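Data block below; observations after.
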Amino acid sequence: MSEVALGLARCLELYFVSMHGCWLSIVEVELCVVVVLCLDRCIFDVGGLVSQISAWGFARNNDLKVVDWQFSTVDARIKLKHLYPKI
């Protein structure tokens, strides 16, 4: 491995997160939205990128967009019962 790769690997922190229903999934959804709605054109400098994303974030927050999870607590208890302690 090159020195650059080793340096980058030392900077990484890995965390286990659930694949379904975690806050990281919400972030992934929002990043997909920003790519589709905001980054579909050429942006030539960092200032322009910051400006575009800030404007998008402001509009998105004002519209009160939320993630609508369709996975209920009852469904979670059935599907993920192997994760719950047995009493």
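Restricting the search to helices (runs of 4 or more DSSP H) fully inside the chain and requiring at least 2 residues that are within 14 Å of the chain's Cα centre (by Cα) and at pLDDT 80 or above gives 23-37.
Taking into account only those residues within the stretch 66-87 that are in contact (Cβ under 8 Å) with a residue 40 or more places away in the chain and among the aliphatic types (A, V, I, L, M), which is surrounded by the most Cβ atoms within 10 Å (Cβ to Cβ)? Explain how you work it out, then say what you get.
So in the stretch 66-87, the residues in contact (Cβ under 8 Å) with a residue 40 or more places away in the chain come out as 67, 69, 71, 76.
Now narrow it down to the ones that are among the aliphatic types (A, V, I, L, M): 67, 76.
Numbers: 67: 11, 76: 15.
Filtering first and then ranking leaves 76.
Only residues that are exposed (fewer than 12 other Cβ atoms within 10 Å of the Cβ) and of a type in the set (S, T, N, Q): list them for the stretch 28-56, please. Across the stretch 28-56, the qualifying residue is only 54.
The values are calculated or read from the model by the stated rules, or taken from the named source; none is laboratory data. These figures come from a predicted structure and were not determined experimentally. In this analysis, Cβ positions are derived from the backbone assuming ideal geometry, glycine residues included, and neighbour counts consider all displayed protein chains.
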